[in-house]
Amino acid sequence: MERNIGFKERRYIEELRILTKSTALDCVIDERFCRVIYVVKVGDMGLAIGKKGENIRRMQNVLGKRVEMVEYADSMDEFIANIFRPAEIDHIQKKNGELQVDIFLKNKNDLGIAIGKGGCNIEKGRVLLKRFFGSDLCEVLAEGV
């Protein structure tokens, strides 16, 4: 999937590299929820977060927005699991080839975590799935519901 990264996004990616020494593959500026979402290279997540979240706090102070990080994965299933972490995903159902995706969680209690406040985690999943795999996120359901 082809992604266009604008000037502001490139600036934020460079800021992350300078402050944390980690590599971001992509950056999404989400004005609706006043946050910046970084997609970090595989294996760089610990470096990006820092000891006790120190690097994230520092990035939030510099950018003046909430910072969220997602570790990239080559397979769609792993990437979706990384997006919705710490909620545990039971399985993923793909419809219309891989164009539409339904996500089923292991625990009903994880539904609130997966949705997020005001639907922010669902929106993050929609944006990142569309951007990286060209797929639409349809529903997030708890198993047995």
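The values are calculated or read from the model by the stated rules, or taken from the named source; none is laboratory data. The shown structure was predicted, so the numbers you read here are calculated from the model rather than taken from an experiment. Note that we place each Cβ from the backbone using ideal geometry, even for glycine, and neighbour counts take in every protein chain shown.
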Give me the pairs, please: first residue somewhere in region 103-120 and without any contact (Cβ under 8 Å) to a residue 12 or more places away in the chain, second residue anywhere and in a helix (DSSP H, G or I) and of a type outside the set (S, T, Y), beta-carbon distance under 9 Å, and either six or more positions apart or on two chains.
G116/I122; G116/E123; G116/K124
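If the requirement is being touching a His at 6+ places or on another chain (Cβ under 9 Å) and either over 18 Å from R32 (Cα atoms) or small (G, A, S) (or both), which of these qualifies: I113, I92, I103? Can you show your working first?
Working: I113 fails: touching a His at 6+ places or on another chain (Cβ under 9 Å); I92 fails: touching a His at 6+ places or on another chain (Cβ under 9 Å).
Criteria check complete, one pass: I103.
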In region 2-21, what count of residues is obtained for those that are at pLDDT 90 or above and part of a loop (DSSP other than H, G, I, E, B)?
1
Output for region 78-112, where each listed residue is in contact with a Leu (Cβ under 7 Å, 6 or more places away or on another chain) and farther than 15 Å from E123 by Cα
A87, E88, I89, D90, F104, L105
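Tell me whether region 88-99 contains one or more residues that are crowded, with 18+ Cβ neighbours inside 10 Å and farther than 21 Å from D44 by Cα. Steps first, please.
Of region 88-99, the ones crowded, with 18+ Cβ neighbours inside 10 Å are 89.
Of the ones still in play, those that are also farther than 21 Å from D44 by Cα are 89.
Checking region 88-99: at least one residue is crowded, with 18+ Cβ neighbours inside 10 Å and farther than 21 Å from D44 by Cα.
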Residue that is farthest from M76 (Cα to Cα), among those in region 23-53 that are of a type outside the set (A, V, I, L, M, F, W, C) and in contact with a Lys or Arg (Cβ under 7 Å, 6 or more places away or on another chain)
R35
Result of the Cβ filter at 7 Å on region 58-70, keeping first residues that are without any contact (Cβ under 8 Å) to a residue 24 or more places away in the chain and partners that are part of a strand (DSSP E or B) and not charged (D, E, K, R), at least 6 apart or interchain, is Q60/V67
Quick check: is even one residue across region 114-127 in a strand (DSSP E or B) and not acidic (D, E)?
no
